Each structure stands twice: as C-alpha cells, then as structure tokens.
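Worksheet for the structure shown next.
The values are calculated or read from the model by the stated rules, or taken from the named source; none is laboratory data. It should be emphasised that the depicted structure is a prediction, and the values quoted were computed from it without experimental measurement. Heads up, the Cβs are rebuilt from the backbone with ideal geometry, glycines too, and the neighbour counts pull from every protein chain shown. For the accessible areas, the whole protein counts, side chains as well, though only heavy atoms, and no ligand, DNA or RNA atoms are used. Shrake-Rupley method; radii C 1.70, N 1.55, O 1.52, S 1.80 Å.
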Amino acid sequence: MANDSSNVSFGKPKATGAVYIAPAGTSVPTDATSELNVAFKNLGYISEDGLVNSVSTDKQEVNAWGGDKVLSEQTTFGETFTVNLLETNEYALKTYYGEDNVEVDGTNITITQNSTPLPEVVAVFELVLTGGRVKRIVVPKAKIADRSGDITYADGSAVMYPAVFDALPDTDGNTHVEYIAVVAS
C-alpha cells in the first residue's frame with residue numbers, strides 16, 4: 001500500500017462541542033454520527049492544548065545467563081484523557097468539583113471543595129478530521145482521579161480547570177472505543 005496524504009489529519013473540536021459527560025451507566029454511542037443521549041452534557045470550550053490521550057505500560061523482563069532477553073511481558077496498563085476546561089459553567093464545574101459540590105441557583109453558582117472522590121462517568125470526545133471525516137472517542141468508564149494541576153487566576157490568562165480522566169476497563173476489558181466516519185458536506 002502506498003502512502004496517502006489524505007489519511008493525514010488535524011484533530012479539531014466539533015463546532016457544537018468536543019467533550020461530553022454523562023452519569024455512569026448511560027448508554028454509550030456505537031458509531032461516529034448518531035445523536036448523543038440527552039444525558040450527555042457539553043463541558044464547553046477546551047484550551048488550545050486540545051485533548052491528550054496517554055497510555056502507560058510497565059513490563060517485566062527475564063534475561064538468561066549470558067544476557068539474552070528471553071521473556072518480556074506487559075505487567076500494567078493505564079490510559080488517560082486530559083483536557084483543560086476553559087468555561088466556568090455548570091457542567092464543567094460539576095465534572096471538575098463533583099455534582100454534589102456545585103449548587104446552581106439561576107445565574108449564581110456555589111462551589112464547595114473537599115476530598116470526596118469524584119464519581120465514575122461516561123465520557124465522549126468529538127473531533128472533526130480532514131477529508132470530511134468525524135471521530136468519536138467513547139470512554140464508557142471514566143473517572144477524574146487527578147486534579148493536581150493548578151487553577152491560575154491572573155491578568156491575561158484564562159481560568160482553566162485541568163481534568164485528567166482515567167479510562168477504566170469496561171466489562172469487555174476495553175478502556176475506550178473509537179469510531180470514524182465520512183460525513184456529507
């Protein structure tokens with residue numbers, strides 16, 4: 001097969017939103033284009049850093065006498081999806097601080113910070129690729145377990161909420177599923 005530059009792409013957010021969260025157990029989409037369940041809430045703008053998908057693994061190796069590597073086995077696997085939430089809106093704040101820690105009364109918002117672990121959610125990331133294609137990444141079991149990034153309040157800098165979603169294995173052992181489709185223009 002020859003190289004094909006039409007398969008090279010940028011990953012841009014969909015104009016209607018790129019990061020959606022729903023409560024654990026919500027039915028997940030099974031394609032790239034069907035409408036999301038109404039339980040999914042758009043978290044708003046994401047920083048220009050975009051979406052970062054990271055995989056980490058460890059391995060155990062066995063060397064024979066004389067130095068030959070004779071066995072290598074993966075011992076751990078982990079996957080994360082990282083975004084910096086730019087909007088200070090109800091859904092971004094409830095995702096970052098926890099549903100029970102954000103109270104919305106009209107246009108007023110009250111946030112309570114505490115050490116309560118955040119709940120598991122379903123995460124969907126929506127992207128537009130070149131060539132009239134769209135990509136949907138579905139994480140059926142996601143959890144923000146790392147909020148150790150800084151929230152900076154400074155002149156000339158947007159307030160960002162750094163969210164690192166751990167992708168946990170579903171009942172089939174999958175941490176995420178990707179769907180790509182060509183859409184009519």
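Taking segment 77-106 as the range and being in a strand (DSSP E or B) and within 20 Å of the chain's Cα centre (by Cα) as the test, the residues that pass are 77, 78, 79, 80, 81, 82, 83, 84, 85. Of all positions in segment 150-162, none carries a residue that is open to solvent by less than 60 Å² (accessible area, probe 1.4 Å), under 15 Å from the mean Cα position of the chain (by Cα) and either among the aliphatic types (A, V, I, L, M) or on the phi > 0 side of the Ramachandran plot (or both). Pick from segment 62-105 the residues that are more than 18 Å from residue 149 (Cβ to Cβ) and of a type in the set (A, V, I, L, M, F, W, C): which of them is most open to solvent (accessible area, probe 1.4 Å)? It comes out as 65. Among the residues that make up segment 125-132, is at least one of them without any contact (Cβ under 8 Å) to a residue 40 or more places away in the chain and more than 22 Å from residue 38 (Cβ to Cβ)? No; the residues of segment 125-132 include none that is without any contact (Cβ under 8 Å) to a residue 40 or more places away in the chain and more than 22 Å from residue 38 (Cβ to Cβ).
Just to be sure I understand, how many residues within segment 38-52 are open to solvent by 70 Å² or more (accessible area, probe 1.4 Å) and either closer than 21 Å to residue 178 by Cα or assigned to a strand (DSSP E or B) (or both)? Total satisfying the criteria: 3. Scanning segment 107-144 for residues that are assigned to a loop (DSSP other than H, G, I, E, B) and either open to solvent by less than 70 Å² (accessible area, probe 1.4 Å) or in contact with a helix residue (DSSP H, G or I) (Cβ under 6 Å, 6 or more places away or on another chain) (or both) turns up 112, 114, 118, 120, 130, 131, 132. Inside segment 118-144, residues that are β-branched (Val, Ile, Thr) and in contact with a Lys or Arg (Cβ under 8 Å, 6 or more places away or on another chain) make up a count of 5.
Only residues that are within 19 Å of residue 128 (Cα to Cα), open to solvent by less than 80 Å² (accessible area, probe 1.4 Å) and aliphatic (A, V, I, L, M) were counted in segment 1-37, giving 5. When residue 174 is tested against the conditions (1) under 30 Å from residue 4 (Cα atoms); (2) in a strand (DSSP E or B), the lone failure is (2). For residues in segment 149-169 being of a type in the set (A, V, I, L, M) and in contact (Cβ under 8 Å) with a residue 24 or more places away in the chain, which is nearest to residue 55 (Cα to Cα)? Restricting to residues being of a type in the set (A, V, I, L, M) and in contact (Cβ under 8 Å) with a residue 24 or more places away in the chain, the top hit is 167.
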